[in-house]
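Participant: Have a look at this one before I ask anything.
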Amino acid sequence: MEENTPEYNEYRKQLLENAKKNAQKFKDEKIDIKDPSLIEKAASLARAVTSRGLTNKKADEKTIKLRDMSCHGDSELRPCSERRVSEKYPGSYYCGTCGCGDKKMTQLINLSINGKTEYSKLDYPKVSCPLNMPGFGTYVPYQEGVSENDRKKEIEKRYGIEYITENSH
Ligand code: SF4
């Protein structure tokens, strides 16, 4: 879809309206951001585990790349402020805000244990990010007063909201 066409503007308006609608829900979640309720944690975990299935299904490459950028950044984009250094798995990280803790299945990189590459949080076909960042199913585009995050704005500048929306699960 070409930018600045009536079709694109309508699409963008729709996206922002949806973000606004969702924002109240996300804001409510953020009230408990340091301690997500047990029900929210359980629902989010159940969604992720179901999407993985018994055959260790994985998100596609584009989605994992967006998630990777959201959590770790790169040489020009600082890592997410919620990323924590793992105490259990040296050299790895976990999300300090989603409430899942420092476990093997919640690491933000693929561990290599006994020569085997382990599944990471970024591999799940459907997974949540408490900051609603690109690549995750809870993605909400940047919008002043609704979802303000400079890192998100930078990632959207690089990839475009349409591409991110299509590849966030
Ligand atoms: S899952 Fe979201 S909040 Fe957690 S480290 Fe990644 S980008 Fe940050």
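The values are calculated or read from the model by the stated rules, or taken from the named source; none is laboratory data. None of the values given here were measured: they were computed from a predicted structure. FYI the Cβ positions are ideal-geometry reconstructions off the backbone, even for glycines, and counts take in every protein chain you see.
Participant: Looking at Asp68, Asp102, Asp123, can you tell me which residue is acidic (Asp, Glu), within 10 Å of the ligand (Cβ to nearest atom) and surrounded by 14 or more Cβ atoms within 10 Å (Cβ to Cβ)?
Facilitator: That would be Asp68, the only listed residue that is acidic (Asp, Glu), within 10 Å of the ligand (Cβ to nearest atom) and surrounded by 14 or more Cβ atoms within 10 Å (Cβ to Cβ).
Participant: Also: Would the stretch 105-113 turn up any residue that is closer than 17 Å to Lys41 by Cα, out of contact with any helix residue (DSSP H, G or I) (no Cβ under 6 Å at 6 or more places or on another chain) and within 15 Å of the ligand (Cβ to nearest atom)?
Facilitator: Scanning the stretch 105-113 turns up at least one residue that is closer than 17 Å to Lys41 by Cα, out of contact with any helix residue (DSSP H, G or I) (no Cβ under 6 Å at 6 or more places or on another chain) and within 15 Å of the ligand (Cβ to nearest atom).
Participant: Now a separate question. Mind counting the residues in the stretch 46-81 that are assigned to a loop (DSSP other than H, G, I, E, B) and in contact with a Cys (Cβ under 6 Å, 6 or more places away or on another chain)?
Facilitator: 1
Participant: Are any residues in the stretch 82-100 assigned to a loop (DSSP other than H, G, I, E, B) and either in contact with a strand residue (DSSP E or B) (Cβ under 7 Å, 6 or more places away or on another chain) or under 29 Å from Ile161 (Cα atoms) (or both), and if so, which ones?
Facilitator: Glu82, Ser86, Tyr89, Ser92, Gly96, Thr97, Cys98, Gly99, Cys100, listed by residue number.
Participant: Given the conditions (1) modelled with pLDDT of 95 or more; (2) over 13 Å from the mean Cα position of the chain (by Cα), which single one is not true for Asp123?
Facilitator: Failing condition for Asp123: (2).
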